[in-house]
Amino acid sequence: MHEIFLNTNVPKNLYKEKIYKRGEVIFNEGEVCERIGFIEYGHVSISTISYANNEYEIKSLKDNSFFGAFVLFSASPYYLGSAVAKVNTKVIFFSKDNLLKAFKDENFLINYLKLTTKESLQTQQKIKILSQSSIKEKILFLLNENKNRNNTNIYKIKSKESLAKLINCPRPSLSRVLIELRNENIIDFNRYYITLL
């Protein structure tokens, strides 16, 4: 069950469920967004094509994520990228009208606001990181933010690839800067953690 439904009594006739197979397209860039999708389980990659004709991943979405919320009510409701299921993925769809009806359930509305607020804060955090002028500054900014927010010098990473995507740099460049910072006794790191010394 997607966490949007926690402690709710939303009628089943307000939404539709669909399971996408691996590699199946959910929507294409430029299409009109007419519904919001809540990912109950699976993995969806949203990507676009750059000016140089290279594919670039905008967002990677997994269990309890959602898409379409920020364009559904927009004056320009067009998808900014194309979405593909990376594994078998279950999505729960609400049309705009049915989403508004579902908001009559107070707990559903509260869950929705929590999800969208969390997403907005993550986006603002990424903008802050990307506004730093160098890879070194991006890493140190991220580690300091983690220390201030979570009161710990240890930052957990899923992988160097995921960290490189987060700070928008090539993985080899990230590895080089991490080694430089370790040699300067500013950090220590392994496969799973970066420690701010």
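The values are calculated or read from the model by the stated rules, or taken from the named source; none is laboratory data. Please read all numbers here as calculations on a predicted model, not as lab measurements. Glycine also receives a Cβ, built like all others from the backbone with ideal geometry; neighbour counts cover every protein chain displayed. When the accessible area is computed, the model is the full protein with side chains, heavy atoms only, and any ligands, DNA or RNA have been set aside. Shrake-Rupley method; radii C 1.70, N 1.55, O 1.52, S 1.80 Å.
The simple spin-label model puts a point 7 Å past each Cα toward its Cβ; for Ser162 and Lys126 those points are separated by 1.4 nm. Charge dipole of segment 103-182 (Cα centre as origin; +1 on each Lys and Arg Cβ, -1 on each Asp and Glu Cβ, all else neutral): 300 debye, rounded to the nearest 20. Think of segment 1-160 as a dipole: +1 on every Lys or Arg Cβ, -1 on every Asp or Glu Cβ, centred on the Cα centre; then among Asn98, Phe67, Tyr15, Phe67 lies furthest on the positive end.
Using R0 = 25 Å, the C-beta based FRET efficiency linking Arg176 and Leu80 works out to 0.20.
Dipole magnitude for the chain: computed about the Cα centre from +1 point charges on Lys and Arg Cβ and -1 point charges on Asp and Glu Cβ, it is near 380 debye. Of the options (1) 35, 20, 15; (2) 26, 19, 16; (3) 24, 23, 20, only one is semi-axes √(5λ) of the Cα gyration tensor in Å as computed from these coordinates, and that is (1).
Secondary-structure-derived ellipticity at 222 nm for the chain, considering helices only, amounts to -11500 deg cm²/dmol, per-run term -39500 (n - 2.57) for DSSP H runs with n ≥ 4. Taking every protein chain into account, the 1.4 Å probe leaves Asp63 with about 90 Å² of accessible area, to the nearest ten.
Return the single residue from Tyr155, Tyr112, Tyr51 with maximal mean-square fluctuation; model: Gaussian network over the chain, springs between Cα atoms under 10 Å. Answer for the Gaussian network model of the chain: Tyr51. Among the GluC sites (Glu not before Pro) in segment 144-197, those located in a DSSP loop and surrounded by at most 12 other Cβ atoms within 10 Å of their own Cβ are Glu184. Compared with the dominant Cα axis of the chain, that is its longest principal axis, helix 135-150 is turned about 70°. Across the cross-link table entries Lys12/Lys90; Lys21/Lys158; Lys21/Lys104, which are compared at the Cα atoms, the separations over 23 Å belong to Lys21/Lys158; Lys21/Lys104.
From the square roots a ≥ b ≥ c of the eigenvalues of the alpha-carbon gyration tensor of segment 64-153, which class results: rounded (a/c under 1.5), prolate (a/b over b/c), or oblate? Note, shape of segment 64-153 comes out prolate.
Net charge dipole, segment 1-85: roughly 220 debye, given to the nearest 20, about the Cα centre with Cβ charges of +1 for Lys and Arg and -1 for Asp and Glu. The long axis of helix 171-183 is offset from the longest Cα principal axis of the chain by roughly 40 degrees. With respect to the chain, whose longest principal axis is taken over its alpha-carbon atoms, helix 106-130 is tilted by about 30°.
Using 0.36 nm per residue and subtracting the Cα-Cα separation, the extra length available between Thr152 and Leu197 on full extension is 15.1 nm. Do any GluC sites (Glu not before Pro) in segment 17-83 lie in a loop, going by DSSP, with at most 10 other beta-carbon atoms within 10 Å of their beta carbon, and if so which? Those that pass, being in a loop and sparsely packed, number zero.
Taking a ≥ b ≥ c as the square roots of the eigenvalues of the alpha carbon gyration tensor, segment 34-110 is oblate, as a/c is not under 1.5 and a/b does not beat b/c. If I model a spin label as a point 7 Å beyond the Cα along the Cα-Cβ vector, how far apart are those points for Thr48 and Lys101 in nm? The answer from the label model is 3.4 nm. Charge tally for Val44 (other residues, Cβ to Cβ under 13 Å; Lys, Arg +1; Asp, Glu -1): +3. Considering only Gly81, Asn148, Leu196, whose Cα is most displaced toward the positive end of the charge dipole of segment 44-197, charges sitting on Cβ of Lys, Arg (+1) and Asp, Glu (-1)? Result: Leu196. Comparing Ser131, Ser95, Ser47 in a Gaussian network model of the chain (Cα springs below 10 Å), the most mobile by mean-square fluctuation is Ser131. Close amide-amide hydrogen proximity is noted between Phe189 and Thr195, each under 5 Å apart and 5 or more residues distant or on a separate chain (H modeled in the peptide plane; Pro and chain starts excluded). Surface analysis of segment 1-118 yields an accessible area of 60 Å² per residue, using protein heavy atoms and a 1.4 Å probe.
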